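Reviewing the structure listed below.
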Amino acid sequence: MYADDETVRRILQDTGDTWAVVGLSTNRSRAAYGVAEVLKRFGKKVVPVHPKAEPVHGEQGYASLADIPFPVDVVDVFVNSELAGGVADDAVAVGAKAVWFQLGVIDEEAYGRTRAAGLAMVMDRCPAIEIPRLGLRR
């Protein structure tokens with residue numbers, strides 16, 4: 001297990017409200033699109049990060065984490081496991097407070113590096129599942 005309930009709860013409630021969602025595009029059939037909607041309803045500012053840099057859910061998109069001109073609290077990662085470690089490293093570089101790897105996104109070395117850098121991290125979990133499971137409200 002890559003995060004206990006207390007870590008999940010802390011990231012969702014106390015780590016900050018600006019979430020960069022890496023892999024979020026205008027494609028409504030992708031999981032990132034629906035999860036971003038849940039995060040917005042939960043009171044988070046969702047920042048789309050995708051090579052196309054498209055606006056999604058009314059928020060300006062950016063091609064990379066480094067392109068975002070304001071602080072990001074949590075980086076939510078929807079890319080495949082082979083690319084996820086680089087995104088976690090980028091999250092550390094931009095000063096994020098936490099990294100969240102979605103269901104099926106697993107990179108144990110990236111988990112170790114991210115935790116060693118002082119960031120909270122969740123791996124192989126989904127906030128759209130965790131929010132109701134933990135009974136969280138905003």
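Structure summary
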quantity	calculated
Percent carbon-and-sulfur accessible area, the chain, ignoring ligands, DNA and RNA, probe 1.4 Å	49 percent
Residues in region 119-138 that a label on residue 31 would reach, taking backbone N under 19 Å of a point 7 Å out along Cα→Cβ	121-134
Å² per residue, accessible surface of region 1-67 at 1.4 Å	49 Å²
Rule-of-thumb Rg ratio for the chain [Cα; 2.2 N^0.38 Å; N residues]	0.93
Cα-projected label distance for residue 5 with residue 41, points at 7 Å along beta-carbon direction, nm	2.2 nm
Leading residue at positive end of dipole, the chain (Cβ point charges), from 134, 64, 86	134
About the Cα centre, charge dipole magnitude for region 1-75 (Lys/Arg +1, Asp/Glu -1 at Cβ), debye	300 debye
Dipole magnitude of the chain, debye to nearest 20 (Cβ charges: Lys/Arg +1, Asp/Glu -1, about Cα centre)	580 debye
Listed peptides 36-47, 90-101, 57-68 by packing density, highest first (mean Cβ within 10 Å)	90-101, 36-47, 57-68
For the chain: relative contact order, % (alpha-carbon pairs under 8 angstrom, 6 or more apart)	25 percent
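The values are calculated or read from the model by the stated rules, or taken from the named source; none is laboratory data. In this text, all values refer to a predicted model and were calculated from it rather than measured experimentally. Neighbour counts are summed over all protein chains in view; Cβ atoms, including those assigned to glycine, are modelled from backbone coordinates with ideal geometry. Heads up: the accessible areas ignore ligands, DNA and RNA and are worked out on the full protein's heavy atoms, side chains in. Shrake-Rupley method; radii C 1.70, N 1.55, O 1.52, S 1.80 Å.
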